[in-house]
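Peer 1: Starting off with a structure, shown below.
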Amino acid sequence: MSVRTGTWRKAVRQVTHLAFILLLAGCTTTECDPGQGGFARGIGCFAGDGYGQRQQQKKNELDQAQQSGQELQAAYGETRARQRQVRSERTAAEAEFAALQRDLSRMQQQLANAKGQNQDLARRASELESEIRLLEQDSFTPDRAKQEKLTKLRERMRVLEGEVDQVLNR
C-alpha cells in the first residue's frame, strides 16, 4: 500500500463520515420544507419521513381550516336568518307604529271636534238657562204665555241634553 492509497482511503472515509453526518443532520431537522434547504436536508427529510410528516401536518391544517370554514358558513347562515327575522319584525313594528300614528291623529281630530262641540253646547246651555231665568223673573208676561215659553225652552234643553249625551257617547 502506498501513501496515496492510504490518503485515498482516508479521504473516502472522511467523505463517508461527512455524508453520514449530513444524512443524520437532515433526519433530525424539524422542518422539512422542500422549498428550503439543500440536497443533504432533502435526503434526510426523505429518509426520516420528514416529508410525510409535513404532508400529514399540512393535511391536518387543511382539515382544520375546512372545519372552521364550515362553522363560519353555518354561523353566517344563522346570522342571515336572524337578520331577515329582525328585518321582518321591524317592518311589522313600523307598520303598527304608522297605524297607531293614524289612530292618534284621528283621535286628536275627534277630540278637537268634541271640544268645539262641547264649547258650543255649553254656550247654548248657558243661553237657555239665562232665558229660563229671565222668563221666570219676568213679571210683565202673562202666566199662560210664560208657561208656553218655559215649555219650549225646557224642550230645547232636553234636545240639548240629548246632543250632549250623543257627544259623550252615553
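Bear in mind these aren't lab numbers, they're just calculated from the coordinates by the rules spelled out. The structure presented is a predicted model; accordingly, all values stated were derived computationally and were not measured. Note: ideal-geometry Cβ built from the backbone for every residue, glycine included; neighbour counts use all protein chains shown.
Peer 1: Work out the P(r) tail for segment 111-160: percent of alpha carbon pairs separated by more than 16 Å, whole number.
Peer 2: On the way: 558 of 1225 pairs.
For segment 111-160, the fraction of Cα-Cα distances above 16 Å is 46 percent.
Peer 1: Peptides 86-95, 156-165: what's the order by average Cβ count within 10 Å, highest mean first? Write down the numbers at each step before the final one.
Peer 2: Details: 86-95: 10.0, 156-165: 13.4.
Highest mean packing first, the order is 156-165, 86-95.
Peer 1: Ordered by packing density, taken as the mean number of other Cβ atoms within 10 Å over each peptide's residues, highest first, how do 128-135, 52-59 rank?
Peer 2: Values: 128-135: 13.5, 52-59: 12.0.
Listed from highest to lowest mean packing, they are 128-135, 52-59.
Peer 1: Let me ask you something else. At R0 = 30 Å, how high is the FRET efficiency between E148 and M107 if r is their beta carbon distance? Nearest 0.05 is fine. Write down the numbers at each step before the final one.
Peer 2: Details: r = 44 Å, r/R0 = 1.46.
Once rounded, the FRET efficiency stands at 0.10.
Peer 1: Among V164, A93, L111, which residue has its Cα positioned farthest towards the positive end of the charge dipole of segment 73-170, with +1 placed on the Cβ of Lys and Arg, -1 on the Cβ of Asp and Glu, and the dipole taken about the Cα centre?
Peer 2: Ranked along the dipole, the leading option is A93.
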